[in-house]
Amino acid sequence: MYQKIVVLTGAGISAESGLRTFRDQNGLWEDHHIEDVATPEGYMRNPELVESFYNDRWRQLQVPEVKPNAAHEALAKLEQAFAGDFLLVTQNVDNLHERAGNHKLLHMHGELSKGRCPRSGQIFRLHEPFGPDNCCTCCIPAQRLRPHIVWFGEIPIGMDRIHDALEECDLFIAIGTSGTVYPAAGFVDIANHHGALSVEVNLTPKERHSLFHLHYEGKASEIMPSLVDKILSGSLFT
Ligand code: APR
């Protein structure tokens, strides 16, 4: 039976909830340049363009049809039923894991539903779209809130906690991520190096496919419910 589980999720786990991934067909990076909407330089150059990109994605989260799918719900069940240490690290900035019921959750790339004061770093829950009038309440003069998103070139959130968990875990599961963006793409190396069993759940084999001990190919919403039952019953290899 496993003692410590770390799960990493990527955009693929939210695809069946209606949220676009980044690098699949019709992915976000097909009609947006990363350097324009996902870098500090892009924000300095054209804050309105960046705000529009995140405002659109934030509004989409509020559409009733966008809700947790069976894969999110399976991970909430795993956290709730698993007696050992559990940490869900997500690269996603949506709120579907929280809405499914996960609490031992770390958003390493930030969250769409929050804004950040560029001067103090204080984080605010978003109640209105980003714009010139959506300002912090911690500074005088008030500062225009920026998306609480980790852009390319910025430091991901919670890396010390993530590293500690990866070094101690005996089961590492990567779900719906292309394994193309570091440091998340390197988590499997750390887990493997410390003796964990590593499992990949994806539609198709990805770049770092060969590093995983077990592979489940298909839709996360179809794979995760039975995979969680196998983990909880200690029958992952049957
Ligand atoms: N079930 C399982 N896997 C899926 C599904 C599904 N229903 N749909 C898509 N996938 C897989 C794709 O095969 C792909 O490997 O999800 C992965 C999505 O890859 P990306 O679009 O690259 O998303 P992600 O890996 O989360 O990107 C990592 O890159 O742009 C940055 O900050 C952004 O957090 C993001 C990071």
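Since every read-out is calculated from the coordinates, none of them should be taken as a lab result. Given the structure is predicted, the values throughout are model-derived calculations rather than measurements. Using ideal geometry, Cβ is built from the backbone for each residue, glycine included, and neighbour counts are taken over all protein chains shown.
Observations on the structure shown:
- Long-range HN-HN contacts of Ile173 with modeled amide H, under 5 Å: Val6, Val7, Leu8, Val199
- Exposed loop sites were defined as GluC sites (Glu not before Pro) in DSSP loop states (anything but H, G, I, E or B) carrying at most 13 other C-beta atoms within 10 Å; in the chain the longest segment without such a site runs 66-153.
- Shown in residue order for the range 97-109 are the 3J(HN,Hα) couplings computed by the Karplus curve 6.51 cos²θ - 1.76 cosθ + 1.60 at θ = phi - 60°: 5, 4, 5, 7, x, 6, 10, 7, 10, 9, 8, 6, 10 Hz (x for Gly and Pro).
- Cβ-based net charge around Gln143, under 11 Å, with every Lys or Arg adding one and every Asp or Glu removing one: +4
- Proximal lysines relative to Lys219, as straight alpha-carbon distance under 28 Å, when same-chain residues fewer than 8 apart are discounted: Lys4, Lys67, Lys77, Lys104, Lys206, Lys230
- Charge dipole (debye, nearest 20) of the chain; +1 at Cβ of Lys and Arg, -1 at Cβ of Asp and Glu: 420 debye
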